[in-house]
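Readers should treat all values here as calculations from the given coordinates under stated rules, not as data from a laboratory. Please read these numbers as outputs of a predicted model, since none were measured by experiment. Using ideal geometry, Cβ is built from the backbone for each residue, glycine included, and neighbour counts are taken over all protein chains shown.
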Amino acid sequence: MSYILNIETATTNCSVSLSKEGETLVLKEDYNSNYSHAESLHLFIDDVLKQARLKPEDLDAIAVSKGPGSYTGLRIGVSSAKGLCFSLDKPLISVDTLEALAHQVTINSGCIVAMLDARRMEVYASVYDKNYQQIRAIEAEIVDQHSFRELLQQGKVYFIGTGVEKTKHIISHPNAVFIENKLPSANEMGKLATIKYKKSDTENVAYFEPFYLKDFIGTKPKV
């Protein structure tokens, strides 16, 4: 029996879940458009454990969404997860953000494009089949009217994530299905984290870093 604490901070959704053998027992998240990770994450962790009537030492592992996503959000999530692993002497498990996002969609045919908004017309996207097997690696790409054309010609393509808002105005095809207002959530992480836990597929706590995909570029504050 494995209890895993799952932390998702790759987008504006500050999300924490407690899973048992891959099933979500408790979920706490702030599903809005504001970044509240620094203020909310540790409160959510405490609340989830209290609702599950567990102590931190009862956990078997800590799982964290590894990216891609918000640079600051990922740093907060990974730093918190590593701190818990160090203090509790528990293994760290990383879960691919886009893979977990794809699990919010259930399809019988076609494919799923999990995508997160990046700068301007760019998205971070990966493609999965109906069994959630990755059929195209994660890429940072500029979206235009020709994007994903080959996939769209083969069948239904289900787009999900924060990249949908810009993509739906550019891609026009009868096979394109846009699933709106969905963010990565810790709810889908438990199953993926448990699979890794049972295979002892864990990270080196000291050296693990988030998967940013691209280098961080800071902007000057407006005066």
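A crude spin-label estimate for the pair N204 and E141, with each label 7 Å from Cα along the Cβ direction, gives 3.3 nm. Over the chain, dividing the summed -39,500 (n - 2.57) contributions of all DSSP H runs of at least 4 residues by the number of residues returns a 222 nm mean residue ellipticity of -8000 deg cm²/dmol.
Compared with the direct C-alpha span, the chain from E21 to D60 gains 13.0 nm at full extension, assuming 0.36 nm per residue. Evaluating 6.51 cos²θ - 1.76 cosθ + 1.60 at θ = phi - 60° for every residue in the range 37-47, the Karplus couplings come out as 4, 4, 7, 9, 4, 5, 5, 5, 4, 4, 5 Hz, glycine and proline recorded as x. With θ taken as phi - 60° and the Karplus curve 6.51 cos²θ - 1.76 cosθ + 1.60 applied, the whole-hertz 3J(HN,Hα) list for the range 132-140 is 6, 7, 5, 10, 8, 5, 5, 9, 9 Hz, x standing for glycine and proline. Once the C-beta distance of D46 and S109 is scaled by a Förster radius of 45 Å, the resulting FRET efficiency is 0.55 to the nearest 0.05.
Each pair of Cα atoms in the range 105-179 enters the Kirkwood radius, and Stokes-Einstein at 10 °C and 1.306 mPa s then converts it into a translational diffusion coefficient of 131 µm²/s. Measuring from centroid to centroid over Cα atoms, what is the spacing of the range 128-150 and the range 48-65 in Å? The range 128-150 and the range 48-65 have Cα centres separated by 34 Å.
Applying the criteria of a DSSP loop state and at most 12 other Cβ atoms within 10 Å to the GluC sites (Glu not before Pro) of the range 104-182 yields E180. Only lysines eight or more places from K182 in sequence, or on another chain, were considered; those with a Cα closer than 16 Å are K28, K166, K168. Note on Q154 and T72: their simple-model spin labels are 3.9 nm apart, each label 7 Å out from Cα toward Cβ.
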